[in-house]
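Here's the structure we're looking at; comments come further down.
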2 protein chains.
Amino acid sequence: MAARYLEEFTVGQVFDTEPVTLSEADLIAFAERYDPQVMHTDPQGAKDTAYGGLIASGHQTIGTAFAQFIKIGIFAENSLGGPAMDEVRWAAPVRPGDTLVTTAEVLEVRKSKSRSDRGIIRMQFLTKVDGREVSRFQTTTFLRRQPSEDAA
Amino acid sequence: MAARYLEEFTVGQVFDTEPVTLSEADLIAFAERYDPQVMHTDPQGAKDTAYGGLIASGHQTIGTAFAQFIKIGIFAENSLGGPAMDEVRWAAPVRPGDTLVTTAEVLEVRKSKSRSDRGIIRMQFLTKVDGREVSRFQTTTFLRRQPSEDAA
């Protein structure tokens, strides 16, 4: 998909992303660096936790969801970065071999009051495994506006 | 530090964590998997973005902050996982070689109404580089309560 400007997004649009499967090795590699808790790093030790086995770090689940959206290419060079993420919720554990399916929905689109070249887009990301919600979060991103004809 | 139970935390407590430095290779390795945008993955291409050079994925900054807190060992086996993260804010870019210094403050401590073995702790994480805020976020975690003497 080609990169879109702010004006090309509308509230309620939903974007599907490619499913992605996380292996046990993926879970451990991420958690050793970014969330070193037994339930995320140690398949044997995790059996004695409340989860009964290895589960993904929640940070890995939301990072994976966001990456799948970025790979669509619809933000690309028009993204000017994001100042905020809100209402991150982890509803169910993600286990080795689970396939994450993420959709992204446009919640809000508005022009910046102070910068005429950009606007703000808010999106809701929802990730499921076997049709069941595992996580969701909302992002706020600065996005370029369509260059005006005056400027051309 | 030894693992603490819910009752051993009080609102306003602040925990310092070890500083950690992120290299250019760290930034690229994370972003290629979890946030594949030019400003995070391509040192040359990043020069042409609004940031003028490579910056860390926001997901990496908050994951790093959380990892430094976990490494203190104060949650350890008493953590029963976290259902939520709120009000994530990225105030300034993190660049290769930056040293992140994170503190964690207790915002709220309460017993679970439905499960007598646990409670809920909410914490605020604040990360600075050279004394300047780069990111913050709030977490909600289920934490074990002190075993009652009756159970012993």
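Could you list, in sequence order, all residues of the stretch A:69-83 that are at the interface with chain B (Cβ under 8 Å from one of its Cβ atoms) and of a type in the set (Phe, Trp, Tyr)?
A:75
Scan the stretch B:51-78 and report the pairs whose first residue is part of a helix (DSSP H, G or I) and whose second residue is among the acidic types (Asp, Glu), with Cβ atoms within less than 7 Å and a gap of 6+ or a chain change.
B:59/B:35; B:63/A:35; B:66/A:35; B:67/A:35; B:68/B:18; B:70/A:35
Which of the residues that make up the stretch B:19-36 are surrounded by fewer than 16 Cβ atoms within 10 Å (Cβ to Cβ), within 12 Å of residue B:55 (Cα to Cα) and in contact (Cβ under 8 Å) with a residue 40 or more places away in the chain?
B:23, B:24
Rundown of residues vs (1) at pLDDT below 95; (2) among the polar types (S, T, N, Q); (3) under 20 Å from residue B:51 (Cα atoms), yes/no style:
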| site | (1), (2), (3) |
| --- | --- |
| A:44 | no, yes, no |
| A:48 | yes, no, no |
| A:53 | no, no, no |
| A:56 | no, no, no |
| A:60 | no, yes, no |
| A:64 | no, yes, no |
| A:68 | no, yes, no |
| A:76 | yes, no, yes |
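In this structure, does residue B:11 turn out to be β-branched (Val, Ile, Thr), in a loop (DSSP other than H, G, I, E, B), more than 8 Å from chain A (Cβ to nearest Cβ) and surrounded by 14 or more Cβ atoms within 10 Å (Cβ to Cβ)?
no
Let me confirm something: among A:88, A:134, A:94, A:101, which residue is touching a strand residue (DSSP E or B) at 6+ places or on another chain (Cβ under 8 Å), of a type in the set (Val, Ile, Thr), under 25 Å from residue A:31 (Cα atoms) and assigned to a loop (DSSP other than H, G, I, E, B)?
Every option except A:94 fails the conditions.
Being of a type in the set (Val, Ile, Thr), surrounded by 16 or more Cβ atoms within 10 Å (Cβ to Cβ) and in contact with a Leu (Cβ under 8 Å, 6 or more places away or on another chain) is true for just one of A:101, A:109. Which residue is that?
A:109
The values are calculated or read from the model by the stated rules, or taken from the named source; none is laboratory data. If you're wondering where the values come from, they're calculated on a predicted model, not measured in any experiment. All Cβ positions, glycine included, derive from the backbone under ideal geometry; neighbour counts span all protein chains shown.
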